[in-house]
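Structure first, then comments.
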Amino acid sequence: MTTYNWDLIERLLHEVQNGAGHSFTPRPYAEQYAAAKAAEGEEIENLDHLKAVAGEYEKLLLERGYIEPRPEEEGGNGENFVLTPRGSRLLSLIDSSIPGNDHPREVLDEQEDALDEFTFDEVASKAQIA
């Protein structure tokens, strides 16, 4: 069973969402994520490992259709992305600023691989997940 760091994925998706005009850089976003968690008093795993995971998540999100290259007319520079409809659905399910986001994360965690395209599309289409 594959487990994901939903907080880190949420951070990356928000950076994609707000990334017009600048390059997407997952490793510094992982550092910022770790600093924010540390400021909240949470213990942070190995930072180098977290940076590597962020890079793996970027590749995974791109390969599985959660993000795609940002068009030039939308501020694309060849090194940044936009959320696809699938990516927007994922962000809306795991967004910590939305009350009740724990339940969708729990449902996703119960899947063999929640970010598998077919698995995610099936789970996200169920009204009771939200």
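The values are calculated or read from the model by the stated rules, or taken from the named source; none is laboratory data. Predicted model only: the values in this text are computed from it and were never measured. Quick reminder, even Gly has a Cβ in these numbers, built from the backbone with ideal geometry, and neighbours come from all protein chains shown.
Go through segment 22-55 residue by residue and tally those that are small (Gly, Ala, Ser) and without any contact (Cβ under 8 Å) to a residue 24 or more places away in the chain.
So the answer is 7.
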Answer with yes or no whether Glu15 is farther than 26 Å from Met1 by Cβ, among the acidic types (Asp, Glu) and in contact with a Gly (Cβ under 9 Å, 6 or more places away or on another chain).
no
What about Thr3, is it β-branched (Val, Ile, Thr), on the phi < 0 side of the Ramachandran plot and surrounded by 14 or more Cβ atoms within 10 Å (Cβ to Cβ)?
no
What are the pairs, 6+ residues apart or on separate chains, where a residue within segment 1-21 that is within 13 Å of Gln32 (Cβ to Cβ) has its Cβ under 6 Å from a residue that is at pLDDT 95 or above and surrounded by 15 or more Cβ atoms within 10 Å (Cβ to Cβ)?
Leu12/Tyr57
Residues located in segment 99-123, provided they are aliphatic (A, V, I, L, M) and within 15 Å of the chain's Cα centre (by Cα):
Leu108, Ala114, Leu115
